[in-house]
1. Of the conditions (1) part of a loop (DSSP other than H, G, I, E, B); (2) in contact with a strand residue (DSSP E or B) (Cβ under 8 Å, 6 or more places away or on another chain), residue 80 fails just one. Which one is it?
2. Any chance you could count how many residues in the range 1-37 are loosely packed, with under 13 Cβ neighbours inside 10 Å, touching a residue at least 40 places away in the same chain (Cβ under 8 Å) and in a helix (DSSP H, G or I)?
3. Pairs needed: first member in the range 38-55, in a loop (DSSP other than H, G, I, E, B); second member anywhere, surrounded by 11 or more Cβ atoms within 10 Å (Cβ to Cβ) and hydroxyl-bearing (Ser, Thr, Tyr); C-beta distance under 8 Å; at least 6 residues apart or different chains.
4. Whether any residue in the range 57-70 is at pLDDT 95 or above and part of a helix (DSSP H, G or I) is what I want to check.
5. Search the range 82-99 for residues being among the acidic types (Asp, Glu) and surrounded by fewer than 13 Cβ atoms within 10 Å (Cβ to Cβ), and hand back the single one that is nearest to residue 58 (Cα to Cα).
6. For the range 50-101, what are the residues that are of a type in the set (Ser, Thr, Tyr), more than 12 Å from the chain's Cα centre (by Cα) and within 18 Å of residue 20 (Cα to Cα)?
7. Counting only residues that are of a type in the set (A, V, I, L, M) and over 21 Å from residue 86 (Cα atoms), how many does the range 9-27 have?
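The values are calculated or read from the model by the stated rules, or taken from the named source; none is laboratory data. All values derive from a computational prediction rather than experimental measurement. Here Cβ is always computed from backbone atoms with ideal geometry, including for glycine, and neighbour counts include all displayed protein chains.
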Amino acid sequence: MNLDQGALTEPVYYILLSLQKPLHGYGIMQEIQRLTKGRLVVGPGTLYGALTTLSARGWIEGIRSPKDSRRKEYIITSVGKVILQKELRRLKELVTHGEEILGG
């Protein structure tokens, strides 16, 4: 499986980050707002498009909610965790270089 995905968009990064535990769509949107203190708001169109793409790539998987069989929840896969770790390393490198050059 090819893990050279390039840089993640900010919404995709936060979707993967939020799915360390099973969440349904609205729960993902709430978690992203909580993590970013309201700075990033992901709308339903962006979210569900991303969920479809991330599922197709095998980075997340849908599961039926044990609380409500009509509601689909999502969870990050082991591949998704590798992708998220790679992105975190990339972001740390960006910050390190910025601090080296700008003094931080």
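1. Failing condition for residue 80: (1).
2. Number satisfying all stated conditions: 0.
3. Here the result reads 40/14; 42/14, each pair linking the range 38-55 to a residue that is surrounded by 11 or more Cβ atoms within 10 Å (Cβ to Cβ) and hydroxyl-bearing (Ser, Thr, Tyr).
4. Yes, the conditions are met somewhere in the range 57-70.
5. Pass one, the range 82-99, residues among the acidic types (Asp, Glu): 87, 93, 99.
After this cut, where a residue has to be surrounded by fewer than 13 Cβ atoms within 10 Å (Cβ to Cβ) as well, the list is 93, 99.
Working: 93: 26, 99: 35 Å.
Here the residue is 93.
6. Filtering the range 50-101 down to residues of a type in the set (Ser, Thr, Tyr) leaves 52-53, 55, 65, 69, 74, 77-78, 96.
Those left that are additionally more than 12 Å from the chain's Cα centre (by Cα): 52, 65, 69, 78, 96.
Result: 52, 65, 78.
7. Let us first name the residues in the range 9-27 that are of a type in the set (A, V, I, L, M), namely 12, 15-17, 19, 23.
With over 21 Å from residue 86 (Cα atoms) added as a condition, the list becomes 23.
Going through the range 9-27 one residue at a time, the tally reaches 1.
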